Every structure is written in C-alpha cells, then in structure tokens.
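Below: the structure, in structure tokens.
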Amino acid sequence: GYILRPAVARLVDACFLGDARFETVWGEAPQWPQGEGLIGEERSVVSAEIVVALSEKASLAAISRRRDAVMRWSLEGLGVLEALDAVVGLEALGALPPDPAGLLEARRLCGMAEAAVYVVSAAPDVIAAASAAGFEAVGLPRRRELRKPLEKAGARAVLGKPETLHRVLGQLIAQESE
C-alpha cells in the first residue's frame, strides 16, 4: 500500500471507481469524469467458486489496505462478498502489515480461536504479520519468483496455483477439527 497525495489519490480513485462510486467516497463529482471506471476489470487470484466452497467449511474474512466501501464494491464485483463473514478495510486496520492489527480484527469479527485462523496472501509483509501473530500463513504467489520471499516471511505452505487452495485449506481445516 502506498500513501498518495490527496490530488493523486482523487485522480486514481476517479479512474478506478468511476463517477458514481467516486462521488459516494469523496462527496462530490470527479473533476475528470471517467464513466464506469476500471473497478469492473478487477480479477481475483482465487476464483469465486473456491471462495464459496471454502466458506461452506470455515469462516472467511477479507483484509485489505483499501477503504471499506471500495473493498466491498470490489468483492461484490468478484462475486465473493456474500461468502465472507467479515470485511476489514483500511478504516478498521489502524496499522498496515507487518502490524497484525487487521488480522486480529478479522479473527475477532469471525469469532475464531487463534489456532483456527489461516491467512492466505500473495504479500510477504502480510505473511510475516500473520506468522508474528501466531496464525498459520499460506502463500499464494502471483509469480514464481515470489515463492522464496513468501517462504522466508514464514508461510507454512506456498501454493503453486490458486486451484490448489481449496484442497490444501480443506485438509488444514480437517486437521484442526480432529
């Protein structure tokens, strides 16, 4: 997550969110109208089918450095918002990884015991925060060269492709319930 100057943040939001969502977030129309914005072009590393299947076995939360409203719009567009028990955005985080505050808040919102929490991320700083908080961390790299940084950050497992996520997390969840 980068901290942007307000004028740059507004321009980025106008391009990404589109006119109507920009107005909801900022309370005014964008200076440079963008129509629908690029938010609808966003793609998830993990398919909606995998998220929904996992939600039938465990409580799920999404954590992001994005503002809550933007995160909810993105998750809704990806078809996974309804499968989640908690959404923790920038407002609730209080601090960014490697501080585990957002992870702890998501666990609280889901009502989960510490031992039952698995964090899946492509970001080494998030994996490090999860490991430091005592959670089980699973790395899901977007590129092959990110495997080593995820392992070094403390990932219990680093998956080669998103399709493996359902099988691996299903096994981990089954182990926890034994």
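Within region 59-79, the set of residues being open to solvent by less than 30 Å² (accessible area, probe 1.4 Å) and in contact with a Leu (Cβ under 6 Å, 6 or more places away or on another chain) comprises ALA62, LEU75.
Of a type in the set (Lys, Arg) and surrounded by fewer than 18 Cβ atoms within 10 Å (Cβ to Cβ), is that true of ARG21?
On the way: of a type in the set (Lys, Arg): yes; surrounded by fewer than 18 Cβ atoms within 10 Å (Cβ to Cβ): no.
So ARG21 does not fit the description; no.
ALA129 meets the conditions (1) open to solvent by less than 40 Å² (accessible area, probe 1.4 Å); (2) under 18 Å from GLY102 (Cα atoms); (3) modelled with pLDDT of 90 or more in every case but one. The failed one is (3).
Please determine whether any residue of region 104-118 is surrounded by fewer than 21 Cβ atoms within 10 Å (Cβ to Cβ), at pLDDT 85 or above and assigned to a helix (DSSP H, G or I).
no
Hey, could you check region 132-163 for residues that are among the small types (Gly, Ala, Ser), in contact (Cβ under 8 Å) with a residue 24 or more places away in the chain and touching a strand residue (DSSP E or B) at 6+ places or on another chain (Cβ under 6 Å) and say which is farthest from ALA62 (Cα to Cα)? First the steps, then the outcome.
Initial filter on region 132-163 (among the small types (Gly, Ala, Ser)): 132-134, 137, 139, 153-155, 157, 160.
From what's left, in contact (Cβ under 8 Å) with a residue 24 or more places away in the chain: 132-133, 153-155.
Imposing the further condition that a residue be touching a strand residue (DSSP E or B) at 6+ places or on another chain (Cβ under 6 Å) reduces the set to 154-155.
Numbers: GLY154: 20, ALA155: 18 Å.
Taking the candidates together, the pick is GLY154.
When GLU36, GLU76, GLU49, GLU82 are checked against the criterion of being part of a loop (DSSP other than H, G, I, E, B), free of Cβ contacts under 8 Å to residues at least 24 places away in the same chain and not β-branched (Val, Ile, Thr), GLU36 stands alone in meeting it. For LEU38, the criteria (1) closer than 23 Å to PRO124 by Cα; (2) open to solvent by 70 Å² or more (accessible area, probe 1.4 Å); (3) among the aliphatic types (A, V, I, L, M) hold in every case but one, which is (1).
Step by step: first the residues of region 24-35, then only those that are closer than 18 Å to GLY89 by Cα and either touching a Cys at 6+ places or on another chain (Cβ under 6 Å) or not aromatic (Phe, Trp, Tyr) (or both), then the one that is surrounded by the fewest Cβ atoms within 10 Å (Cβ to Cβ). Which residue is that? Don't jump to the end; show me each part of the working.
Of all residues in region 24-35, those closer than 18 Å to GLY89 by Cα come to 24-26.
Within this subset, residues satisfying the condition of being either touching a Cys at 6+ places or on another chain (Cβ under 6 Å) or not aromatic (Phe, Trp, Tyr) (or both) are 24-25.
On the way: THR24: 12, VAL25: 15.
Among them, the one singled out is THR24.
The values are calculated or read from the model by the stated rules, or taken from the named source; none is laboratory data. As the structure is a prediction and not an experimental result, all values here were calculated from the model. Glycine gets a Cβ as well: all are built from the backbone with ideal geometry, and neighbour counts include every protein chain shown. Quick note on the areas: whole protein, heavy atoms, side chains included, nothing else; ligands and nucleic acids left out. Shrake-Rupley method; radii C 1.70, N 1.55, O 1.52, S 1.80 Å.
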